[in-house]
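To start, the structure under review is shown below, and the notes come after it.
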Amino acid sequence: MIKPGIGGPRLNWHEGEHMVKTIQETLQLDTILAAVADLTHSDYAADSLKKTPVSTALAQVRQNLALTHEAHELLSQDVLLTFFNLDQITVIRAKLDQGRLLTVDQLKAVQATLVNWRRLGTVLRQHATDIPQLMAFLAKQPPLNGLRDRLDDVLDRNGIRDDATPELAQLRKDKDKQSRQIQQQLSQFVGKHSHELQGKQLIRRDQHYCVQLKATYKHRFKGTVMGQSATGSTVYFEPSTVAKTGLELAATLASEDAEVYQILATMTGDVEDHWEDLNKQIDLLSQLDQIFAKGQYALEHHAILPKLNGGQTIRIVNGRHPLLGENAVPLNVTLSADQSLMITGANSGGKTVVLKTIALFSMMIKLGLEIPADEGTNLAVFNQIAIDIGDQQNMAAQLSTFSGEMTTLVGITNDLRPNALILLDEIGSGTDPEEGTALGIAIIQYLVDQGAKLVVTTHYTGIKNYAVAQPHFVIGSMAFNRQTLQPEYRLLLNQVGASEAMWLAERIGLKPEILALAKQQLKAD
């Protein structure tokens, strides 16, 4: 369990409303989702994962967790899967909308997406019997084999294939032949006139091959000056002996560019015609990347696939907060379908942490995340989760602790739905203890009567006594080490926790006569 820290403003969240940033931070869900998103292979997939919708239906939660678990199992067997960076393809739709041609690199991005899906499918099918949910996901693949084959026919590692069309193949043969002829002719020129040259390296200018001729000799030979160096001491010179072949090469290069343009136009149209299916495949690849990111996160945190139920049963076996690693104190709690939990004991003993951990686990499964706990863990899928947790006052609304809490509780009670998990931290605090206790008990009883599952923390004796008398409440307290004067953050079930105030004051050294007066006052009250 995570140790308690500084509280935040009173918060209430439930399904169907926007999960505000503050509640994500309170349960540390944003931190967990960000860590999972870091395991994806593109910003496209990472951004989608951070916005994962919360599922409320038991069947959907079960299916999502089954996908994560299958991915977890494959990764634990060191099955190698590679994912394409989808960010390269996100600009293509805008370019198509503008009526512009796709570049070779953009077509290669489309090709890589389709090839990536094929390779992933090949690997996954090798484990088909062990991953039925992933195989069903794989079956959603749209029929894009034709587009992939046409891209394979046109593209290779270097760009447009030489044999993309018969016309291009002939043009490139002509280009190579003409280039060799020119280079041979220029090499002969260099061999005969090395004294007049600045260097032996051939230079290409405006699709013409040239020699580096010293400027003082530019009128000695027949030919064309295609440019000069920055100092003017060297001119780039095309001798007349290669001019004819040079013109032929320039014409061939222009024809090649026109043929490449036509190929790009054809393939751009092909991609646009299949964009709906292509976009679906991109989304499926992103989802698959997210599933395996969740599986990797589960692997790294020794998480398990919990049993799920729709009957409000909660059983957590050695549950560990995923952000604490080895520092996590395992949480063990069992609540049957008709039981709620009342946690009592000293402040700073970890009561709030238990509340947060139960809420966090209940949320993680609804996001398709396995739970860092041991086998035997069984979690209910709630239709609604509401939280009232906070600090001493709601500064934003300029409300006192009690006013802020009552505002939140009014919202919870007015919007209560069937199959709800309600988590209330220090209910009734911030006002007169007797009135706070009475209101707290009334609200708790109302919520229980409406069929809600409750996890409540309190240090009020009246609320403790109420819960002890109710058969539907399990009482728990937080372990406290009297030798070290430190809380142990362990939940002890079926024990009523004391505030430890008198004992702790005595241990620290408060004068005996003051303690005696305090105890007399306590008895009188």
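Table for the structure above
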quantity: The range 125-141 - residue that is under 17 Å from R62 (Cβ atoms) and of a type outside the set (F, W, Y) and, of those, surrounded by the most Cβ atoms within 10 Å (Cβ to Cβ); calculated: L134
quantity: In the range 368-408, the residues that are at positive phi and at pLDDT 90 or above; calculated: G368, G376
quantity: In the range 157-193, residue surrounded by the fewest Cβ atoms within 10 Å (Cβ to Cβ) [restricted to those that are within 22 Å of A112 (Cβ to Cβ) and among the acidic types (D, E)]; calculated: D163
quantity: Residue count for the range 414-458, restricted to those that are part of a loop (DSSP other than H, G, I, E, B), among the polar types (S, T, N, Q) and more than 39 Å from the chain's Cα centre (by Cα); calculated: 1
quantity: The range 122-160, subset part of a loop (DSSP other than H, G, I, E, B), polar (S, T, N, Q) and out of contact with any Lys or Arg (no Cβ under 9 Å at 6 or more places or on another chain), residue farthest from K280 (Cα to Cα); calculated: N158
quantity: Flag if L331 is surrounded by 19 or more Cβ atoms within 10 Å (Cβ to Cβ), of a type outside the set (V, I, T) and touching a Gly at 6+ places or on another chain (Cβ under 6 Å); calculated: yes
quantity: Residue in the range 59-73 that is surrounded by fewer than 18 Cβ atoms within 10 Å (Cβ to Cβ), assigned to a loop (DSSP other than H, G, I, E, B) and of a type outside the set (K, R) present; calculated: no
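This table checks each residue for (1) touching a Leu at 6+ places or on another chain (Cβ under 8 Å); (2) outside the structural domain of L138 (by TED's automatic domain parsing).
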{"residue": "E256", "(1), (2)": "yes, yes"}
{"residue": "E259", "(1), (2)": "yes, yes"}
{"residue": "G269", "(1), (2)": "no, no"}
{"residue": "E272", "(1), (2)": "yes, no"}
{"residue": "K280", "(1), (2)": "no, no"}
{"residue": "L284", "(1), (2)": "no, no"}
{"residue": "I291", "(1), (2)": "yes, no"}
{"residue": "Q296", "(1), (2)": "yes, no"}
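The values are calculated or read from the model by the stated rules, or taken from the named source; none is laboratory data. The structure displayed is predicted, hence computed values, not measured ones. With ideal geometry, Cβ positions are generated from the backbone for all residues, glycine too; neighbour counts draw on all protein chains shown.
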